[in-house]
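Written out below as structure tokens is the structure these notes cover.
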Amino acid sequence: MGKIHRHHRVLATALMLMVCLCAHAATLQVVTEDSSYSALEDGKVVGVASQVVEMTLAAAGITDYHMTLYPWARAYDIARLEANVLIYPMIRSSGREDSFKWVGELERVHPMFYKLRERRDVWVASLQEAAHYTVGVVRDDSRQQYLESKGFSKMVVSANNLDNLRKLITGQVELIPMPEREAREQCADLHIPFENLESVFALDELSKGLYVAMSANTPDEVVEKITAAFARLKQNGTVDKLIAGQ
């Protein structure tokens with residue numbers, strides 16, 4: 001009986017090792033949204049932040065991954081609920097701090113409210129005044145979460161920022177919150193002059209780091225490997241050059 005028990009223990013240990021190895025070797029899901037940092041082109045996810053992520057994974061020696069573009073709410077839920085997920089770009093906020101493992105900062109962003117320049121009836125001198133207008137937001141985006149916490153109730157929710165801009169142009173919303181870089185690129189996507197927009201109020205409390213992050217259930221050794229690779233690219237200036245489009 002002793003030999004049989006020992007044999008069973010050996011088998012059980014071997015099975016546990018195999019399970020652990022398989023878990024650590026699981027294909028990494030890489031998720032993002034359509035934005036000025038990432039987009040879908042000829043069936044491939046591209047963009048300046050996508051380049052940073054691909055270079056980071058290559059530097060970390062990770063080749064088994066699948067990069068997919070989703071509406072933000074879907075990408076966010078995948079990263080929040082599943083293991084072995086990398087998500088980018090994402091604002092690092094206090095409400096999200098413990099829900100993810102943070103790899104590194106792509107850049108800092110400074111969102112502001114934009115209106116159509118021709119709308120002389122829209123005037124914003126404070127956050128409280130902005131709450132009187134209809135505001136376009138992206139579902140589960142940090143800007144939606146922030147404005148909800150400030151009592152904004154006249155929000156129109158979209159799947160992505162491009163839909164927000166379309167709604168601003170057609171008069172379905174009166175304000176949209178976004179950084180200048182994003183506003184410029186979304187205008188270019190819709191073939192309208194950026195000068196058609198006017199910034200009316202800076203959202204200073206939302207000026208935060210835009211990050212690459214990983215799901216909380218991702219093994220620490222995977223996160224550490226990717227974080228170290230990102231840090232090397234950040235230190236040698238590669239991240240800043242790619243984000244700047246150089």
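The values are calculated or read from the model by the stated rules, or taken from the named source; none is laboratory data. All of these numbers come straight from a predicted model, not from anything done at the bench. We place every Cβ from the backbone using ideal geometry, glycine too, and count neighbours over all the protein chains shown. These area figures cover heavy atoms from the full protein model, side chains too; ligands, DNA and RNA do not enter into them. Shrake-Rupley method; radii C 1.70, N 1.55, O 1.52, S 1.80 Å.
Among the residues of the stretch 137-149, what is the count of those that are within 15 Å of residue 73 (Cβ to Cβ) and open to solvent by less than 70 Å² (accessible area, probe 1.4 Å)?
Residues flagged as within 15 Å of residue 73 (Cβ to Cβ) and open to solvent by less than 70 Å² (accessible area, probe 1.4 Å) within the stretch 137-149 amount to 8.
I'd like to know if the stretch 114-121 contains one or more residues that are over 24 Å from the mean Cα position of the chain (by Cα) and among the hydrophobic types (A, V, I, L, M, F, W, C).
There is at least one residue in the stretch 114-121 that is over 24 Å from the mean Cα position of the chain (by Cα) and among the hydrophobic types (A, V, I, L, M, F, W, C).
For the stretch 150-176, give me the residue count where each residue is open to solvent by less than 50 Å² (accessible area, probe 1.4 Å) and more than 19 Å from residue 75 (Cβ to Cβ).
11
Can you go through 140, 163, 121, 189 and tell me which one is in contact (Cβ under 8 Å) with a residue 60 or more places away in the chain and of a type in the set (D, E, K, R)?
Result: 140 is the single residue among 140, 163, 121, 189 that is in contact (Cβ under 8 Å) with a residue 60 or more places away in the chain and of a type in the set (D, E, K, R).
Go through the stretch 193-241 and count every residue that is more than 22 Å from residue 92 (Cβ to Cβ) and open to solvent by less than 40 Å² (accessible area, probe 1.4 Å).
Residues in the stretch 193-241 being more than 22 Å from residue 92 (Cβ to Cβ) and open to solvent by less than 40 Å² (accessible area, probe 1.4 Å): 3 in total.
Considering each residue of the stretch 126-136, count those that are in a helix (DSSP H, G or I) and either among the basic types (Lys, Arg) or surrounded by fewer than 16 Cβ atoms within 10 Å (Cβ to Cβ) (or both), and give that number.
Qualifying residue count for the region: 2.
Taking the options 138, 156, name whichever one is at pLDDT below 95 and touching a strand residue (DSSP E or B) at 6+ places or on another chain (Cβ under 9 Å).
Residue meeting the stated conditions: 138.
Which residue, of 155, 214, is over 22 Å from residue 103 (Cα atoms), touching a helix residue (DSSP H, G or I) at 6+ places or on another chain (Cβ under 9 Å) and not hydroxyl-bearing (Ser, Thr, Tyr)?
Checking each option against the conditions leaves just 155.
Given the criteria more than 30 Å from residue 220 (Cα to Cα) and open to solvent by less than 40 Å² (accessible area, probe 1.4 Å), does residue 79 qualify?
no
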